[in-house]
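*Asks:* Below you'll find the structure I mean.
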Amino acid sequence: MSRINNFDYHVKKLLDLGKNLLTKNPHLVSETGKINTKGDKTIAMDALIEQEFIKYLRSTKLPVLIYSEEIGIISIHPKPKYLVCFDPLDGSTNYRIGNNLLPYGILIAIYDGIKPKLNQVIAAGMVEMSNQLEFRYFEGKTIDKKGNSVIIKQDWPITDSTPLYLDLHKKDYYQIYAPIVQKLFIRNTGSTIGNLTYVLSNVACGMGHPRIKSEEIGAVYALIKGAGGVVVDHKGKDLGSVVLDLDVSYQLLGGVKNCIEFVVETI
């Protein structure tokens, strides 16, 4: 496969670029005065990683359309065939206040087509900086940073000590997931990437989010599916056939099949 069409190669290059920027600038937390596409304040590290990712993708001359949380759609090719979505700094609050203890990092997904379904992710990756963890998806498989296949364990019991990581950022999120309390051990890392890391590292049976962002969902979907998990909405429908809409957010439950089915039935 030629390097220009090896999308795993480009995902790896972007992750390495982002890791290098985060390592060299551990406290680049000042606000830029701008509001991103989701209505949140942009901090300097978000903007820096986004700027360098765009510069890299321009240099490859790949026929891609870019979507980033900070700016939105960026056109860099007259006839794009692929869509690149990324969150340059997921868990920005953890980055600002966590002293490198709370999880934060980068999420990237590359789709076949510019109006794709979620199951059309052809390459994806994430890096979680606090624990120096990295996972990539390519050719239907999820691998760790050493290239080893990642398979999530399938024998989690349904007990009040089985960890399930849920986004609990807003009051109504608590209400959605209230029926699961004391049936599973509900936790939250304060970031999508942290919750995802725990699923892929086999320290949680699953993760959930009532409104996961469009720039995040592709990477989460691909990485969990590639590790042998399921990814569905709150009604239990597989998200693979959903056409990506960059302007909306999504319900998501992902992880071990029996635990996710239990959550669907319970809520």
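Computed from the coordinates by the stated procedures, all read-outs in this text should not be read as laboratory data. Since the structure is predicted, the reported quantities are computational estimates derived from the model, not experimental observations. Here the Cβ positions follow ideal geometry from the backbone for every residue, glycine too, while neighbour counts run over all protein chains shown.
*Asks:* What does the charge dipole of segment 163-266 about its Cα centre add up to, to the nearest 20 debye, if the Cβ of each Lys and Arg holds +1 and the Cβ of each Asp and Glu holds -1?
*Replies:* Details: 10 positive and 10 negative charges, 58 e Å.
Rounded to the nearest 20 debye, it is 280 debye.
*Asks:* Measure off 7 Å from each Cα along the Cα-to-Cβ vector at Asp245 and Val181, then give the distance between these two points in nanometres to one decimal.
*Replies:* With each label point 7 Å from Cα toward Cβ, the separation is 3.2 nm.
*Asks:* Using the Cα gyration tensor of segment 163-266, with a ≥ b ≥ c the square roots of its eigenvalues, what is the shape: rounded (a/c below 1.5), prolate (a/b larger than b/c) or oblate (neither)? Working shown, then result.
*Replies:* Values: a/c = 1.36, a/b = 1.19, b/c = 1.15.
Rounded, because the longest to shortest axis ratio a/c is under 1.5.
*Asks:* Right, here's the next one. What does DSSP give for the chain in terms of the percent of beta bridges that are antiparallel, rounded to the nearest 5? Intermediate results must be reported in sequence, preceding the final value.
*Replies:* Numbers: 40 of 53 bridges.
Given both bridge residues lie in the chain, the antiparallel proportion sits at roughly 75 percent.
*Asks:* Between their Cα atoms, which of Lys13/Lys213; Lys19/Lys235; Lys79/Lys257; Lys81/Lys171; Lys61/Lys145 are more than 30 Å away from each other?
*Replies:* Working: Lys13/Lys213 23 Å; Lys19/Lys235 36 Å; Lys79/Lys257 39 Å; Lys81/Lys171 40 Å; Lys61/Lys145 26 Å.
Beyond 30 Å between Cα atoms: Lys19/Lys235; Lys79/Lys257; Lys81/Lys171.
*Asks:* Could you please report the charge total around Val203, scoring K, R as +1 and D, E as -1 over all other residues with beta-carbon less than 11 angstrom from its beta-carbon? If you can, show how the numbers build up before the last one.
*Replies:* Values: positive: Lys153, Arg187; negative: none.
Here the count lands on +2.
*Asks:* What is the sum of charges, Lys and Arg at +1 and Asp and Glu at -1, for the other residues whose Cβ falls under 14 Å from the Cβ of Ile143? Provide the component values of the computation, followed by the final result.
*Replies:* Details: positive: Lys12, Arg136, Lys141, Lys145, Lys146, Lys225; negative: Asp8, Glu134, Glu139, Asp144.
After counting each charged neighbour, the total is +2.
*Asks:* Ok, one more. On a 0 to 90° scale, report how tilted helix 7-24 is relative to the longest principal axis of the chain, with both axes built from alpha carbons and the result rounded to the nearest 10.
*Replies:* Helix 7-24 sits roughly 90 degrees off the main axis of the chain.
*Asks:* Say R0 is 30 Å: what FRET efficiency, to the nearest 0.05, do Asn20 and Ile73 get from their beta-carbon distance?
*Replies:* On the way: r = 26 Å, r/R0 = 0.87.
The pair Asn20/Ile73 has a calculated efficiency of 0.70.
*Asks:* Over the Cα atoms of the chain, what radius of gyration and what Dmax do you get, in Å?
*Replies:* Computed over the Cα atoms of the chain, radius of gyration and Dmax are 17.4, 53 Å.
*Asks:* For Gln132 and His169 in one chain, what is 0.36 nm times their gap in residues minus the Cα-Cα distance, to one decimal in nm? Write down the numbers at each step before the final one.
*Replies:* Working: separation 37, 0.36 × 37 = 13.32 nm, distance 2.42 nm.
Stretched fully, the Gln132-His169 segment lengthens by 10.9 nm.
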